[in-house]
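Novice: Handing you this structure, nothing more for now.
The numbers here are math on the coordinates, done by the rules we state, and not lab data. As the structure is a prediction and not an experimental result, all values here were calculated from the model. We place every Cβ from the backbone using ideal geometry, glycine too, and count neighbours over all the protein chains shown.
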Amino acid sequence: MKVYKGAVVSCDREDRVHRCLVEDKGRILYAGAELPAAYRGAPMEELGERALLPCFGDTHLHFASYALFAAGLDVRSARSLPGMGKQIAEFAPGCPDKILMGFGASPHCVAERRLISRAELDRACPERPLYLVKYDGHACVLNSSLIALLPAKVKTLRGFHQDTGEMNQDAFFAVTDFITKRVSLPRTLRNMLCAVDKMALNGIGLMHTASGVGFPFDLDVTLESLLGRGLDSGFQTRLFLQTMDLDKVRRRKLPRVGGCFATALDGCFGSRDAALRRPYKDDPRNSGVLYYRDDEVVNFAKRANRAGLQIEMHAIGDAAFDQAVMALEAALGDCPRADHRNGIIHACLPTEEGLEKCAALGIQIPLQPAFLNWDLEPLEYLRGILGERAGELSPLRKMTEMGIMLSGSSDAPCTPPDPIAGIHAACNHYVPGQSLTIAQALKMFTYNAAWTTFDEKERGSLEAGKAADMVVLNRNPLTMKPDELLKLKVERLLLKGQPYKSGQGILSLLARGFLAGGKI
């Protein structure tokens, strides 16, 4: 048994702040203003200026991809294309993989203001195949060695650009499938364990991972399921299978479906293929791409809804957002469900009518506040391609006041899984009237994150009876100004009441994963 005394920020539905919390055997026994006499002899930790909160959640990331790239080449810090080339050239000799993989190429933070080209990759890495994913996770650039290895069919797909080496849309997905088939199992598991440790350092104890990115036999889904059941720390995993093939979901007995890739309805702003109702400002002939016809999306949503699955779909542009809303509305009209918690991921450019339907139908939105303060895709760029519509992106205050459930996420590896950065961005929207209060932003990454996958009765707030999944911060965020929030630091993650321990081995993970039950 242990008592915490100080600022206990519950993040519950009433936004209560307590002075005392009692934990015993991984459960919260009490949270309130005064410590009951029965607990006064227990060991006590005085929080002082620090604060105790529920552990953070990240409600949309691509964990297998994040784990892979977090352990590899990261070029997000490059500020020139020669500098990026130098990073690649220095990384290659020490990497044992047959195909080099990197992440984070952006045209917006390098001096040249363009994407690195195939020719430049050839100079930096002339002999070994190189796969460099763009910062938005929806495109990549290849060198000539890798292009030469691709199956002939890939070269016929939409988005294949042999001259520049850039792959987007269908070609990007096909290349990603080709690459993931060549990643070794031991390396993947090691990377996953290291990635969980990194997330725990940021106070994350719950993740919603969108999986199914081209591994043979959906091996990433299998490994993430084993990881979720096999971790001995209490770290929680909720898995969304990115497919429209419901037989795959049934075979794995998963309660939810969706994400990006096969359930992405459009592209992204970085590649100018997010689907818009009006053309891009800088390209009047381009309105982006809807990957599916309306009837295809409606049919998928109806089938998944009838099966009782929770559905999430990627939609960035307003045309894609409206298509997602239309499909979910049709599905719920076909088979009404009172507490479905279906969602639209990102919803970067929502329409007024679509938001009204989300509020009426109970459609939730896992979004990424860090996109509002993203060096790799700056506001200047968004204004250049969207014009005045850039001011309509992610209207957080508006959506919250309409009663739409918003949860916080990173879309890692696109942005790092760092809830404090997301909370800061949500409270400092570049349209000031769309900023959230600090309490609202905290709940996006705590209570709302748990609610999104029906976990709110067990975690997400500091209330008696719930799991003691908590985080100690160096300061009380509720006493800070919004522009100071980046000064917050995670001091300690507690899962089941115990400090998170890193360094679990692969054999231990696999043994527990095969034998243990539990929610995934």
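Novice: Once Lys and Arg get +1 and Asp and Glu get -1 on their Cβ, which of I116, M1, A105 lies farthest toward the positive end of the dipole of the chain?
Specialist: M1
Novice: For the chain, give me the percentage of DSSP beta bridges that are antiparallel, rounded to the nearest 5 percent.
Specialist: The answer is about 45 percent antiparallel.
Novice: Which whole-percent values make up P(r) of segment 63-180 when all C-alpha to C-alpha distances are grouped in 10 Å steps starting at zero?
Specialist: 14, 51, 32, 2
Novice: For S117, S410, what ranking results if the residue with the fewest other Cβ atoms within 10 Å of its Cβ goes first?
Specialist: Ascending Cβ contact count within 10 Å gives the list S117, S410.
Novice: Just to confirm the filter: which trypsin sites (Lys or Arg not before Pro) across segment 1-69 are DSSP coil and have at most 12 other Cβ within 10 angstrom of their Cβ?
Specialist: R13, K25, R40
Novice: To the nearest 500 deg cm²/dmol, what mean residue ellipticity at 222 nm is calculated for the chain from DSSP H runs of n ≥ 4 alone, each contributing -39,500 (n - 2.57), summed and divided by the residues?
Specialist: -9000 deg cm²/dmol
Novice: With everything on Cα atoms, drop me the angle between helix 169-180 and the longest principal axis of the chain, reported from 0 to 90° to the nearest 10.
Specialist: Its long axis makes an angle of about 70 degrees.
Novice: If you don't mind, there's one more thing I want to ask. Give the angle, between 0 and 90 degrees and rounded to the nearest 10, that separates the Cα long axis of helix 318-334 from the longest principal axis of the Cα atoms of the chain.
Specialist: So the inclination is approximately 60 degrees.
Novice: Here's something else I'd like to know. For segment 63-180, what relative contact order do you get, as a whole percent, if you take Cα pairs closer than 8 Å and at least 6 residues apart?
Specialist: 20 percent
Novice: Around D232, with a cut-off of 15 angstrom between Cβ atoms, what is the net charge of the other residues, counting Lys and Arg +1 and Asp and Glu -1?
Specialist: +2
Novice: Beyond a 29 Å Cα-Cα separation, which of these cross-linked pairs lie in this structure: K134/K443; K2/K489; K198/K496; K466/K489?
Specialist: Checking Cα-Cα distances, K134/K443 exceed 29 Å.
Novice: Output the 0 to 90 degree angle, nearest 10, between the alpha-carbon long axis of helix 219-230 and the longest principal axis computed from the alpha carbons of the chain.
Specialist: The two axes meet at around 10 degrees.
Novice: In terms of Cα to Cα distance under 27 Å, which lysines are near enough to K248, apart from those fewer than 8 places away along the same chain?
Specialist: Leaving aside lysines fewer than 8 places away in the same chain, those within reach of K248 are K153, K181, K302, K519.
Novice: Just add up the charged neighbours of L193: K/R +1, D/E -1, any other residue whose Cβ is under 15 Å from the Cβ of L193.
Specialist: +2
Novice: Taking the Cα atoms of the chain, what is the range of coordinates along each of the three principal axes, in descending order and whole Å?
Specialist: Rounded to whole Å, the extents work out to 74, 52, 47 Å.
Novice: For the chain, what does the relative contact order come out to in percent, with C-alpha contacts under 8 Å and a separation of six or more?
Specialist: Taking the mean separation of contacting Cα pairs over the length of the chain, I get 20 percent.
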